[in-house]
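Here is the structure we will look at.
Every read-out reported here was derived from the displayed coordinates using simple, explicitly stated rules and does not represent laboratory data. Predicted, not measured: the structure shown is a model, and the values here were computed from it. With ideal geometry, Cβ positions are generated from the backbone for all residues, glycine too; neighbour counts draw on all protein chains shown.
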Amino acid sequence: MLQTLPHLRKEFPLAILGEHHVPADIPVIHFGQLLSLGRRARAPLLFHARRNDEMLQALLAKKLGAKLKIVFTSTAQRYHSRLTKELINRMDGLITTCSGAASYLHRPADMMIPHGVDLQRYHPAEDKRLAWRALGLPGDYGIGIFGRIRPQKGTHLLVRSAIPLLKKNPKPTIVIVGETLPRDASFQSALENEVREAGLSDRIIFLGKQPFDRLPELFRALHLVTALSDNEGFGLTVLEAFASGTAVLATRAGAWADIVSPGIDGELIPVKDERAVEVALRELLQHPSQLIEMGQRGREKAVADYSIEREVAALSQFYRRFLPPASD
């Protein structure tokens, strides 16, 4: 939402209901203001909900006299509760983001709009090997994983699969980027102990949470990004890697099965399958130069199919189904 807002506001007057860490120049309104605007409007306003509580607020405002058309984006890859199904039934429009999420809908989506990535922010390095050396990390090249350090993200799958491979191959370094919440501290500690016992503490590196502005630098310096989650709503990591010219190894979670072309720009494996991770890593690391070629094809795919501009254009097209012509 935060990435699309600056583009959408060029085409539509918009405001956000409630505080959502939006930029200072984006108007924020409360429920009473929504109600007032909706009652005064000559034509229905468009309300785009992304969570159950937002659908409830929109329906309440409508019941209280606000003229609204309500659309909902469903990204969840799980069967919906009875309440969620009832709320979705009352939406004027329904968007989904990938085929996985669409498969759980009891009502067909009106449009599938994948998320996009900022191609200016995430872009390839001129020379990936130089970009890697600039990080000051050991090894000839890097393999990364991004996201909260917890079992659901599959951090342990990468660590445990990499240990036997790194003992035989001195060239790659594993880079683990992400925050660890207190409840997951013991999980990380156990992984660090495994790495230490294997004598690989200088080759499997926990960088911790990194500044937002440093993430593109890390993505484009790596030869391979792994995305090993058990489940995802969508999962932007793969697109951020592709936009950065970096190949991926991903589980069939979120939208990744829609995005990754195995053998072309990355590889896909089942979720929660440590053996599959190890086998795929071994094969991919046999030819590091091919990883660079895969990353280049990933960048081409991001540019062609997954830009923020493409997402905004699709959203704009969908919104106009519910809004009066500009001349009105």
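Quick one: of the DSSP bridges fully inside region 128-305, what percent are antiparallel, nearest 5?
Beta bridges within region 128-305, antiparallel portion: roughly 0 percent.
May I ask which of 128/171; 10/63; 128/301; 69/301; 171/272; 168/209 have a Cα-Cα span longer than 23 Å here?
Check vs 23 Å cut-off fails for 10/63; 69/301; 171/272; 168/209.
In degrees between 0 and 90, to the nearest 10, how far off the longest principal axis of the chain does helix 274-285 point, with axes built from Cα atoms?
The angle comes out near 70 degrees.
Which three lengths, in whole Å and largest first, does the chain cover when its Cα atoms are put on their principal axes?
Reported extents, whole Å, longest axis first: 70, 39, 34.
When the Cα atoms of region 93-145 are enclosed in a convex hull and the volume is divided per residue, what value in Å³ results?
Hull volume normalised by residue count: 126 Å³.
Compare the Cα positions of 257, 59, 216 along the charge dipole of the chain (+1 at Cβ of Lys, Arg; -1 at Cβ of Asp, Glu; about the Cα centre) and return the one farthest towards the positive end.
The Cα lying farthest towards the positive end belongs to 59.
May I have the convex hull volume per residue, in Å³, for the Cα set of region 64-186?
215
Hey, what did the chain get for relative contact order, percent, Cα under 8 Å, at least 6 apart?
18
In degrees from 0 to 90, rounded to the nearest 10, what is the angle of the helix 185-197 Cα long axis to the longest principal axis of the chain?
That helix lies at roughly 20 degrees to the long axis.
Calculate how many DSSP beta bridges within the chain are antiparallel, expressed in % of all such bridges and rounded to the nearest 5.
Percentage antiparallel, nearest 5: 0.
Where does region 243-328 land on Rg/Rh, using Cα atoms and the Kirkwood Rh?
Expressed as Rg/Rh, it is 1.19.
List every residue whose amide H lies under 5 Å from the amide H of residue 49, counting only residues 5 or more places away in sequence or on a different chain, with H placed 1.01 Å from N in the peptide plane.
Here the answer is 71, 72, 73, since their amide H atoms fall under 5 Å of that of residue 49.
Between residue 215 and residue 33, what is the spin-label point distance in nm, taking each point 7 Å from the Cα along the Cα→C-beta axis?
Result: 2.7 nm between the two label points.
Ignoring everything except DSSP H segments at least 4 long, calculate the 222 nm mean residue ellipticity for the chain; use -39,500 (n - 2.57) per segment, divide by total residues, nearest 500.
Rounded to the nearest 500, it is -11500 deg cm²/dmol.
When only C-alpha pairs under 8 Å and at least 6 residues apart count, what is the relative contact order of region 56-149, in percent?
Normalised by residue count, the contact order of region 56-149 is 20 percent.
Rank these for me by crowding, 272, 10, going from fewest to most other beta carbons within 10 Å.
Ascending Cβ contact count within 10 Å gives the list 10, 272.
At R0 = 35 Å, how high is the FRET efficiency between residue 257 and residue 41 if r is their beta carbon distance? Nearest 0.05 is fine.
Plugging the Cβ-Cβ distance into 1/(1 + (r/R0)^6) gives 0.25.
Order the peptides 212-221, 89-98, 118-127 from the highest to the lowest mean number of other Cβ atoms within 10 Å of their residues.
Result, highest mean first: 89-98, 212-221, 118-127.
In degrees, nearest 10, range 0 to 90: what is the angle between the Cα axis of helix 308-319 and the longest Cα principal axis of the chain?
20
Between residue 127 and residue 272, what is the spin-label point distance in nm, taking each point 7 Å from the Cα along the Cα→C-beta axis?
Using points 7 Å along Cα→Cβ, the separation is 4.6 nm.
Is there a quick way to get the dipole size of region 128-305? I mean about its Cα centre, with the Cβ of Lys and Arg at +1 and of Asp and Glu at -1; what is the value in debye to the nearest 20?
Roughly 360 debye, rounded to the nearest 20.
Report the far tail of the P(r) of region 128-305, meaning the percent of Cα-Cα pairs longer than 27 Å.
That tail contains 16 percent of the Cα-Cα pairs.
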